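Visitor: Just dropping this structure here.
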Amino acid sequence: MIKPVSTRGVGIIAALVMATTALATAPASAQAQARDADAKKIEAPAFFAKQGIKVLASQQGPGGLRVWQVERAGVKTVLYTTADRSVMLSGVLWDAASGKNLSDAFITDEIMASAAAAAQVPEATPAAATAMAKPAGGPSDALAQISKLTGIKEGNAAFDKTLYIIFDPRCPHCHAAYQKTRKYVAAGGTIKWIPSTVLGNPAEGAKLIADIMQAKDQRAALAKTMGKTRGGESVPNAQTVQIIAENESYFWASFDQNKGAGTAGVPVAYFETKDGSPQMVAGIDDDALLVRILSDIKK
């Protein structure tokens, strides 16, 4: 299982509409001091306190947005809020006229070091199946939520008889899981592959996802990307960016709400067992674990 570089605001972020922020250089010390003073004058979003997010600095950003350099559990990142702080965003800001990346100016050396450190955490052993938190409506409602995410579906089974896999197209373990499920799909099984850029460097990952999601034949594009062919030539459109954001919001929330699943990482699978119990399993490229999952899925 590959662990993501956690450049998120942890949990479900209201109206999350961008992919994770790109990395760049640090501003001068005087600018940092000015941001610190500015941050003390502005009330932070209530979400920060609820999730244990510490504000490191804050400043006025482009387009009327507020920029927040924050930290949670030792991981630093950048978030943005609208002027009234009713909507929070995470991701890359682009100049609408020139296409210039505006987010780079807000990424400090500390944030870069934090992301690098998170990427070097040793991998854990594959997690066992963990029963997902069940919504009030019943077990199938948990699957109904993820079934609404945008991805590439192989097969035609109903949503509660489908295996859902959140993956990053750069993840070698995700590629392995894809190859190991070819016989299952050929035999009539249904899998929905839900793309994300949770491994960091979202600009790179988004191009690979655009290769898939913006293709006329998405299944063929998925097979090409998850094979030996390296793509990444497509420019993500607004719809693809939105898809990535929604998928990643679900990914982070699912690990936050299901602690038994272990450390967040891809590939991660969601499915309903034959007895109607919704399950969440990480590290699914493990042969024995994958065999068990495919045999336990509701038929």
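The values are calculated or read from the model by the stated rules, or taken from the named source; none is laboratory data. Only a predicted model underlies this, so the values are computations on that prediction, with no experimental measurement involved. As a convention, Cβ positions derive from the backbone with ideal geometry for all residues, glycine included, and neighbour counts pool all protein chains shown.
Visitor: What about Ile293, is it within 18 Å of Ala144 (Cβ to Cβ) and out of contact with any helix residue (DSSP H, G or I) (no Cβ under 6 Å at 6 or more places or on another chain)?
Guide: Details: within 18 Å of Ala144 (Cβ to Cβ): no; out of contact with any helix residue (DSSP H, G or I) (no Cβ under 6 Å at 6 or more places or on another chain): yes.
No; evaluated as a whole, the condition is false for this residue.
Visitor: Hey, another quick one. Determine which single condition Ala187 fails, assuming it passes every other condition in (1) under 27 Å from Lys298 (Cα atoms); (2) touching a residue at least 24 places away in the same chain (Cβ under 8 Å); (3) not basic (Lys, Arg).
Guide: Tallying (1) under 27 Å from Lys298 (Cα atoms); (2) touching a residue at least 24 places away in the same chain (Cβ under 8 Å); (3) not basic (Lys, Arg), Ala187 fails exactly one: (2).
Visitor: Additional query: Which ones in the stretch 207-224 are in contact with a strand residue (DSSP E or B) (Cβ under 9 Å, 6 or more places away or on another chain) and surrounded by 16 or more Cβ atoms within 10 Å (Cβ to Cβ)? Can you show your working first?
Guide: At the first step, the residues of the stretch 207-224 found to be in contact with a strand residue (DSSP E or B) (Cβ under 9 Å, 6 or more places away or on another chain) are 208-209, 212-213, 218-219, 221-222.
Leu208, Ile209, Ile212, Met213, Gln218, Ala221, Leu222, listed by residue number.
Visitor: Considering every residue within the stretch 124-133, establish whether at least one is at pLDDT 80 or above and under 30 Å from Leu294 (Cα atoms).
Guide: Scanning the stretch 124-133, I find no residue that is at pLDDT 80 or above and under 30 Å from Leu294 (Cα atoms), so the answer is no.
Visitor: Just to verify a result, which residue in the stretch 228-237, among those that are in contact (Cβ under 8 Å) with a residue 12 or more places away in the chain and surrounded by fewer than 23 Cβ atoms within 10 Å (Cβ to Cβ), is farthest from Val92 (Cα to Cα)?
Guide: Going through the qualifying residues, I end up with Gly231.
Visitor: Here's a check for you: in the stretch 55-78, which residue that is under 22 Å from Asn101 (Cβ atoms) and of a type in the set (Val, Ile, Thr) is modelled with the highest pLDDT?
Guide: It comes out as Val67.
Visitor: Condition test on Gly52, is it surrounded by fewer than 17 Cβ atoms within 10 Å (Cβ to Cβ), at pLDDT 85 or above and outside the structural domain of Trp252 (by TED's automatic domain parsing)?
Guide: When the stated conditions are applied, Gly52 does not pass them.
Visitor: Additional query: Under the condition of being among the charged types (D, E, K, R) and surrounded by 22 or more Cβ atoms within 10 Å (Cβ to Cβ), which residue from the stretch 257-295 is farthest from Arg170 (Cα to Cα)?
Guide: Applying the filter and picking the extreme gives Glu272.
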